[in-house]
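Below you'll find the structure, written out as C-alpha cells, and then a few comments.
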Protein chains: 2
Amino acid sequence: MTLIATPQSQHFSEALPLQSGAALRDYALSFETYGTLNAERSNAVLICHALNASHHVAGVYAGQDKSEGWWDNMIGPGKPVDTNRFFVIGVNNLGSCFGSTGPMHPNPDAADGRVYGADFPVVTVEDWVNAQARLLDTLGIQTLAAVMGGSLGGMQALSWTLQYPDRVRHAVVVASAPNLTAENIAFNEVARRAIVTDPDFHGGHYYAHGTVPKRGLRIARMIGHITYLSDDVMNEKFGRQLKDAVLGKDPYHYTTQDVEFQIESYLRYQGDKFAEYFDANTYLLITRALDYFDPALAFGGDLSQALARARCKFLLVSFSTDWRFSPKRSREMVKALLDNRRDVSYAEIDAPHGHDAFLLDDPRYMGVVSSYFDSISRSLEATA
Amino acid sequence: MTLIATPQSQHFSEALPLQSGAALRDYALSFETYGTLNAERSNAVLICHALNASHHVAGVYAGQDKSEGWWDNMIGPGKPVDTNRFFVIGVNNLGSCFGSTGPMHPNPDAADGRVYGADFPVVTVEDWVNAQARLLDTLGIQTLAAVMGGSLGGMQALSWTLQYPDRVRHAVVVASAPNLTAENIAFNEVARRAIVTDPDFHGGHYYAHGTVPKRGLRIARMIGHITYLSDDVMNEKFGRQLKDAVLGKDPYHYTTQDVEFQIESYLRYQGDKFAEYFDANTYLLITRALDYFDPALAFGGDLSQALARARCKFLLVSFSTDWRFSPKRSREMVKALLDNRRDVSYAEIDAPHGHDAFLLDDPRYMGVVSSYFDSISRSLEATA
C-alpha cells in the first residue's frame, strides 16, 4: 500500500518572538500528516528534520513514484513508526527553502517588497520548537506521544523535552548531540565562508542580482558529505578507484584540475546537485542553529542541570562510526538524563556508515525504534 | 648557540624525466645544509618536507631571530637529529613556491617567457625523489645515513628506499601512510575545487591577470587546519568559547556571517595568513602528489611486494590522535616491512595533537628519534 502525502500550509498572523530578540511576523509553516489522530488526540508523533530535509517525511506525492519522503524507510504503514497506529506530523522549519517562511520569501518589513535574503532573522532550535508547538496548537494537539529526530532533528527533539516538558511523553533522539564540538563548528564555518565569499553571494542579496552562489554551495556540500560518511565506508565504496583508468602500465592521467579518482567524481556530483536546489541563506541559517544549540550554556555547561527540566521517557540511538555526532556525545546525554533519574533507553548501533547511518536501513536500528514505538502504542491502548 | 642557515640554489641543465612522461628542463633546487659532511661522506641526512614547508628546515637566517626552520625543534646542534654529528640537507621540492622551480617561474617552453602557472607539469613523490638524488650527486653524496620526513615528507622517505635502495641506510617515516585513503583524497579535492572555482584563478594563469585566488586558498587552508588537529585538541584549545561574549544573560550575537566562536576566528586567521604567501598552483600540485603516491599500485595493491625492494633499516612513528595519517596506516607499512624481514622500529606516540603532533615537541617522540639517530651515529663511528 502506497502512502500518499499531501503538503499543507498553516499561516500564523501572531508574531513569533525569537531567541535573538527579533520577531517573525506573518509567517507560514509547511507540514504533512500521515495516519489518523485518535479520539483522545494522544497518538501524535512529531518528526523534526535535519539540515537538508523538509516536512516531506514519508510517502510519495500523488503521481510521483520517486518522491519518497526523507525518512520513508522509518515511517509509514507497518514501518517502525507505524502510521496505522500513530498520527505522524512532518514540519518544515522556519528559514528553510522547502516551503515554510524563509529567506526566499518577501520581507514584510521591506518597503519595496523584496525578499528577506540575508535579512531573515537568525533562528535557533528553540525558535523552531516554539513554532512547531504553535502548529500543534492549530492541530488541536496538546500532548505528543513522541517527538523524534536525527542529527539536528534530534536536537529539536531534546529541546522539546526542555521547552515543553508537559507536552511530550517520549523523545527519540538519534545520532545527535547536546551541542556541537569545536570541530563541528569548524566544518560549518568553512562551508559558510565558501558561500559568503562566493562573488555571486552579494552579501546574501543574490536574488536581486539574479545570481546563485553555486560555487560556495558546492564546496559546502562536498565538505558536508565527507563528514556524513565514515572513513571506512568511503574506503569500501570508493577507496582509491580511478574514474577512468588509462589502459596499460600507468593508470594515471596526471591532472590537477580534472577528476582522477571516483571519490572526486562522487563529491562533485553531490555538490552540483545540491547547488541546483538548496538556498545559500538557508544553509547559513541552519548551520548556525546547529552551532548555537547548547542547552547546558545557561547552566554553566552542566548538562545534568540543563536536562533536569525534562519529564518524558527517552530513546537515544547512536552509530559507532559516526564521527560527526559520535556515540560519546549520546552517552553524555544518557548520563545527564540518568543523573536526573529519567527513564532512558540507549542503543549504540555498530554500523559502518558514519552519520548517514541514521537515514539508512539497519535491521538492529529499525528493530530498536520499532520496539520502542510498539511499547508506546501499547501504553496508549492501556490508557485508552 | 644559534644555528645560522644559508639558503643555496643548484641549477640543473639536464632535463628531468617525470613520471607523467613530461620532462622538466632547466630547473633549480633550493636547499640548505647544516653541520659538516665527514671525510667518509657517510653522515648525510636528507630531510623531506610536507605540504607547507621548504628547504629551510633548521636554524635561523642571519639577523632574523624569528625565522626558525620548520623542524628546528628536531634538527640542530644537540637536538635529536644532531647537526654536530650529521650533515643535514633540507631541499625544496619542484613545484613549490619557496624557491625551487615552480609555477611562478618562467616557462622555458613559452615563447613569450610567461610563467608556468597551470602549465607546470604534474610532479609526483617519485619525481621529487629523483630530483633530490640528483642534488645529492652534485654534493658528492652517494649514500645517505638517513632520509627522514613527516606526512608527505614521510612518503618521500619511503619512496627513497624503493627508488634508491642502495643509497639509503636508514629511513625515518613519521606520521605518514603508504597512500591516501578516500577521505584524504576527498579533503584534497574539496580544497582544490575551492581554488579552481575561485573566479580569480583564471584557469591557473592568474599571474597574468594580476590576481590571486585568495578565497579558494583561504578555504583550502581552513579545511587543512581542521584535518591537522584532533577533535580533542580542538575542544581543549577552543571548545565552544565565544570570541566576544555579550555581557548579561544571552552571550550570542545571532549572526551567520560574523565570527561568534573562537574556533572561527582561528580558522579565518589561518586562512588569511596562508592566502598571503602560498601559491595556488603549488597547492594543486602538492595535494595531487599526495593523492597519486601509492607504491603498491604497480603490485596490484600488495604493499608487502611493493616494499620488498627496500634494503635499509626503518624507524616509523605515528600519533594516536592523528586521523589524517592514522597509526593504522603506519602499522600497514610496519607489517609489509616485517613481511620482508626488514629491520623496523615502530613507535606509536599517545599524543593529543592530531597530525600536527609530528611538528611539535613531545618528550617521548623526541626521545625515540634521538635514540634512533644516536644509534646511527654510533654505527658510523664503528665503521669509520
| Kirkwood hydrodynamic radius over Cα pairs of the protein assembly as shown, then Stokes diffusion coefficient at 20 °C and 1.002 mPa s, in µm²/s | 76 µm²/s
| field | Nearest-10 value in Å² for the accessible area of residue B:3, using the 1.4 Å probe | value | 30 Å²
| query | Roughly how crowded by other chains is peptide B:194-202, in terms of the mean Cβ count from those chains within 10 Å of each of its Cβ atoms? | reply | 4
| request: Would you mind pulling out the separation of the Cα centroids of region B:353-384 and region B:224-296, in Å? | output: 31 Å
| request: Quote the FRET efficiency, to the nearest 0.05, computed for residue A:23 versus residue B:366 with a Förster distance R0 of 60 Å and r equal to the Cβ-Cβ distance. | output: 0.55
| note | log10 I(q)/I(0) for region A:1-75, Debye formula on C-alpha points only (no solvent), q = 0.17 Å⁻¹, two decimals, reads -0.82
| query | Gain in length, residue B:13 to residue B:65, computed as 0.36 nm per residue apart minus the alpha-carbon separation, to one decimal in nm? | reply | 15.2 nm
| task | Would you mind computing the Rg to Rh ratio of region B:232-290 from its alpha-carbon coordinates, Kirkwood style for Rh? | result | 1.16
| task | With a Förster radius of 41 Å, plug the Cβ-Cβ distance of residue A:37 and residue B:348 into 1/(1 + (r/R0)^6) and report the FRET value to the nearest 0.05. | result | 0.10
| Looking at the square roots a ≥ b ≥ c of the eigenvalues of the Cα gyration tensor of region B:268-384, which shape do they give, rounded for a/c under 1.5, prolate if a/b is larger than b/c, or oblate? | oblate
| query | Considering every Cα-Cα pair within region B:143-228, what fraction, in whole percent, is farther apart than 19 Å? | reply | 55 percent
| query | So how much accessible area does residue A:383 have, in Å² to the nearest 10, using a 1.4 Å probe? | reply | 120 Å²
| query | How far apart are the residue A:133 label points across copies, placing each 7 Å from Cα toward Cβ, in nm, shortest first? | reply | 7.2
| said: Using a Gaussian network model on chain B with a 10 Å cutoff between Cα atoms, which of B:345, B:151, B:326 fluctuates the most? | reply: B:345
| request: Return the long-range amide H neighbours of residue A:3 (sequence gap of 5 or more, or a different chain), with a cut-off of under 5 Å between placed amide H atoms. | output: A:60
| Kirkwood hydrodynamic radius of region A:264-310, from inverse mean 1/r over distinct Cα pairs, in Å | 13.5 Å
| query | Ignoring any ligand, DNA or RNA, what whole percent of the accessible area of the protein assembly as shown comes from carbon and sulfur when the probe is 1.4 angstrom? | reply | 49 percent
| In Å, descending, principal axis extents of the Cα set of region B:98-154 | 44, 27, 18
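Quote the total accessible area buried by chains A and B together, excluding ligands, DNA and RNA, probe 1.4 Å, nearest 100 Å².
Separately minus together, A and B give about 5200 Å² buried.
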| Hey, could you pull the Cα Rg and Dmax for region B:71-223, both in Å? | 18.1, 51
| What are the distances, in nm and sorted shortest first, from the label point of residue B:382 to the label points of the same position in each other copy, with each label point placed 7 Å from Cα along the Cα-to-Cβ direction? | 7.7
| said: Can you compute the FRET efficiency between residue B:143 and residue A:232 using 1/(1 + (r/R0)^6), with r the Cβ-Cβ distance and R0 = 56 Å? Round to the nearest 0.05. | reply: 0.85
| message | Based on the alpha-carbon set only, what is the convex hull volume of region A:294-348 divided per residue, in Å³? | response | 70 Å³
| query | For chain A, what is the calculated [θ] at 222 nm in deg cm²/dmol (nearest 500), taking -39500 (n - 2.57) for each run of four or more DSSP H residues and dividing by its residue count? | reply | -11000 deg cm²/dmol
| So how far, in whole Å, is the C-alpha centre of region A:14-67 from the one of region B:48-111? | 59 Å
| request: For the protein assembly as shown, give the share of DSSP beta bridges that are antiparallel, in percent and rounded to the nearest 5; count only bridges with both residues there. | output: 35 percent
| Estimated distance in nm for a label pair at residue A:273 and residue A:375, the labels positioned 7 Å out from Cα along Cα-to-Cβ | 3.7 nm
| Cα-based Rg (one decimal) and Dmax (whole number) for region A:197-350, in Å? | 21.5, 67
| query | What residues in region B:2-41 lose 30 Å² or more of accessible surface when the other protein chains are added to their chain alone (1.4 Å probe)? | reply | B:19, B:20
| How many partner chain Cβ atoms sit within 10 Å of a residue's Cβ in peptide A:226-234, on average, as a whole number? | 4
| Calculated P(r) of region B:48-133 - Cα pairs past 19 Å, % | 50 percent
| message | How far, in nm to one decimal, is residue A:269 from itself in the other copies if the label point is set 7 angstrom along Cα toward Cβ? Shortest first, please. | response | 4.2
| note | Lys and Arg at +1, Asp and Glu at -1: neighbours of residue A:253 with Cβ under 10 Å from its Cβ sum to -3
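Could you put B:317, A:368 in order of accessible surface area, largest first, with the 1.4 Å probe and the full protein assembly present?
A:368, B:317
Expressed as a rounded percentage, what relative contact order does region B:108-230 have, with Cα pairs under 8 Å and six or more residues apart? It would help to have the intermediate numbers written out before the result.
Working: 131 pairs, mean separation 24.8, N = 123.
Relative contact order of region B:108-230: 20 percent.
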| note | Taking A:346, B:266 and ranking on accessible area (1.4 Å, protein atoms only), highest first, one gets A:346, B:266
| note | Taking the convex hull of the alpha-carbon atoms of region B:1-151 and averaging its shadow over every direction gives an area in square nanometres of 9.6 nm²
| note | Of A:330, B:304, ordered by accessible area with the largest first and a 1.4 Å probe, the sequence is B:304, A:330
| request: Please express the shape of chain B as an equivalent ellipsoid: the semi-axes are the square roots of 5 times the eigenvalues of the C-alpha gyration tensor, given largest first in whole angstrom. | output: 33, 27, 21
| request: Tell me the Kirkwood hydrodynamic radius of region A:195-261 in angstroms, computed as one over the mean inverse distance between distinct C-alpha pairs. | output: 14.9 Å
| remark: Counting only residues 5 or more apart in sequence or on a different chain, those whose built amide H sits under 5 Å from that of residue A:346 are A:316
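The values are calculated or read from the model by the stated rules, or taken from the named source; none is laboratory data. Remember, it's a predicted structure, so these values are computed and weren't measured experimentally. Methodologically, a virtual Cβ is constructed for each residue, glycine included, from the backbone with ideal geometry; neighbour enumeration extends over all protein chains shown. We work out accessible area using only protein heavy atoms, side chains counted, and drop any ligands, DNA or RNA first. Shrake-Rupley method; radii C 1.70, N 1.55, O 1.52, S 1.80 Å.
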